[in-house]
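The values are calculated or read from the model by the stated rules, or taken from the named source; none is laboratory data. Since we're looking at a predicted model, the values are computed, not measured. Using ideal geometry, Cβ is built from the backbone for each residue, glycine included, and neighbour counts are taken over all protein chains shown. Just so you know, the surface numbers come from the protein's heavy atoms only, side chains and all, with ligands and any DNA or RNA stripped out. Shrake-Rupley method; radii C 1.70, N 1.55, O 1.52, S 1.80 Å.
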Amino acid sequence: MFDYALDIPYIDAYNARRKPTSPTLLQTHMGPAPYDGDPCTASVVLLMNNPGYDPATSTAVDHALRFEGWPIAGLHPSVPSTFRKWYDRPLGYLLTKWGHQHVSQRVCLLQLCPWASTSFDIDLILPSRSYQMSLAYDARKRGAIVIVGRSSRLWPSEWPRASNVRNPRLTPSSLDPQTWASVEAAMA
């Protein structure tokens, strides 16, 4: 397990070089959110940039939510819709087909950077990055379907990719047929 507090001095230096209104400013008050779901047991792992941040709707509680039987806590029915809605884009098709709790138990969204911001800075490298990458490699080794959703140039080129890297989705039309068949088998 990585101690995400090791990122803080690097984040402080990074944020000090940015205006307070910069969209890439890392929101440390939100705490780290290295993944949604369980990267050690998920059947499907979608690789993302970092948690999103919306100054109008994001709260420090968002990343601290925990519900028994819901590895992706943000899919739980008691979560505010503004937060739960974020999952509709990447997981909407799966949610409709298999239901929120089932998806929560089978899928993990793994963040390259565990710290929230409005926009991701692909050139930012924190100490936690190597740990986040090791989680992706470990998931592949244990047989999970690992799909590159964002930051495709940072992951091995032979790994399957969502067709729209700006708006990755797990759907039959956004993945090659073989990858989609693997996702469906992993979800069953």
Could you check Val79 against (1) open to solvent by 30 Å² or more (accessible area, probe 1.4 Å); (2) of a type in the set (A, V, I, L, M, F, W, C); (3) at pLDDT below 95; (4) more than 24 Å from Trp180 (Cβ to Cβ) and say which number it fails?
(1)
Out of Leu25, Leu109, Leu65, report the one residue that is within 29 Å of Pro160 (Cα to Cα) and open to solvent by less than 60 Å² (accessible area, probe 1.4 Å).
Leu109
Limited to the range 148-170, what total is found for residues that are crowded, with 19+ Cβ neighbours inside 10 Å and not aliphatic (A, V, I, L, M)?
6
Within the range 62-98, the residues that are more than 18 Å from Ser117 (Cβ to Cβ) and of a type in the set (Val, Ile, Thr) are Ile72, Val79, Thr96
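Out of the residues in the range 164-188 that are at pLDDT 95 or above and small (Gly, Ala, Ser), which is nearest to Thr41 (Cα to Cα)?
Just the residues of the range 164-188 that are at pLDDT 95 or above, to begin with: 168-187.
Okay, now just the ones that are also small (Gly, Ala, Ser), so 173-174, 181-182, 185-186.
Working: Ser173: 26, Ser174: 24, Ala181: 19, Ser182: 16, Ala185: 15, Ala186: 12 Å.
Residue satisfying both the conditions and the ranking: Ala186.
Checking the structure you have, find out if any residue of the range 97-106 is hydrophobic (A, V, I, L, M, F, W, C) and under 28 Å from Ala5 (Cα atoms).
Of the range 97-106, the ones hydrophobic (A, V, I, L, M, F, W, C) are 98, 103.
Those left that are additionally under 28 Å from Ala5 (Cα atoms): none.
Within the range 97-106, not a single residue is hydrophobic (A, V, I, L, M, F, W, C) and under 28 Å from Ala5 (Cα atoms).
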State which residue is nearest to Val45 (Cα to Cα) when the search covers only the range 112-147 and only residues that are surrounded by 15 or more Cβ atoms within 10 Å (Cβ to Cβ) and of a type in the set (Ser, Thr, Tyr).
Tyr131
With the requirement that a residue be surrounded by fewer than 15 Cβ atoms within 10 Å (Cβ to Cβ) and touching a residue at least 24 places away in the same chain (Cβ under 8 Å), what does the range 171-180 give you?
Pro172
When the range 82-99 is checked residue by residue, the ones that are open to solvent by less than 70 Å² (accessible area, probe 1.4 Å) and farther than 25 Å from Thr59 by Cα are Leu94, Trp98, Gly99
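Can you tell me which residue is nearest to the chain's Cα centre (by Cα) among those in the range 42-57 that are open to solvent by 30 Å² or more (accessible area, probe 1.4 Å) and over 11 Å from Ser104 (Cα atoms)? Before you say what the answer is, go through the steps one by one.
Just the residues of the range 42-57 that are open to solvent by 30 Å² or more (accessible area, probe 1.4 Å), to begin with: 43, 52-57.
Narrowing the set further to residues that are over 11 Å from Ser104 (Cα atoms) leaves 52-57.
Values: Gly52: 9, Tyr53: 13, Asp54: 16, Pro55: 19, Ala56: 21, Thr57: 18 Å.
Taking the candidates together, the pick is Gly52.
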